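Structure first, commentary second.
No lab work stands behind these numbers, since they all come straight from the coordinates. All of these numbers come straight from a predicted model, not from anything done at the bench. Quick reminder, even Gly has a Cβ in these numbers, built from the backbone with ideal geometry, and neighbours come from all protein chains shown.
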Amino acid sequence: GAYFTGRKEIIEFFNELLDLNLSKIEQTASGAVACQLLEYIFPGSVQMKRVNWEAKSSYEFIQNYKLLQAAFSKNRIQKYIDVDKLIRAKYQDNLEFCQWLKAFYDQSAPPYRDNYDPVAVRAKGKGSRNADPCFNCTGQNKAAPSAPAPRPATRQRNVAPT
């Protein structure tokens, strides 16, 4: 199905929720951002220590997607991930997957996770210190500890992502 969420809104969503500095959808092609989003929704479901934040090659991307697929299976999420398309880092394929992830988050995520530190979660992964700067935020996006994380106004709670 089609999920009509714009590129800018998706990038802002990932940057705010996960304290990132993404500027392009294609920066999600490694699968690392999707792994962290799923770990946010279902704590402990992704082995974050195995997520490779400095992945550059198709082989390294595939390893991240294997972790994501394992988490999907563990949480009974029936979604086919076309890894071959996503690892090519083409805008349209990655946009569509990110749109699905955003819709899934809107349906499934807890309203707010107290004490969730996205930078500390990423630090558990491989190469987090040497990763692309888009994955290393300075904390400028972080909400105050007492304030809930911003939730987008658009909700699609009636439609289950497929």
**Request:** Provide the packing ranking of 111-124, 32-45, i.e. peptides ordered by the mean count of other C-beta atoms within 10 Å per residue, highest first.
**Result:** 32-45, 111-124
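Over the range 1-85, consider all pairs of different Cα atoms and compute the Kirkwood hydrodynamic radius from their mean reciprocal separation; express it in Å, one decimal.
On the way: mean 1/r = 0.0743 Å⁻¹.
By the Kirkwood definition, the hydrodynamic radius is 13.5 Å.
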**Asked** Past the 23 Å Cα-Cα mark, which pairs from LYS66/LYS124; LYS79/LYS124; LYS74/LYS124; LYS8/LYS66; LYS49/LYS85; LYS24/LYS74?
**Response** LYS79/LYS124; LYS8/LYS66; LYS49/LYS85; LYS24/LYS74
**Complete:** Under 5 Å from the placed amide H of VAL51, counting only residues 5+ away or on other chains, we find LYS126
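Quick one: if the Förster radius is 35 Å, what FRET efficiency do LYS66 and SER23 give, using the C-beta to C-beta distance and rounding to 0.05? Don't jump to the answer; show the numbers that get you there.
Working: r = 27 Å, r/R0 = 0.77.
Between LYS66 and SER23 the formula returns 0.85.
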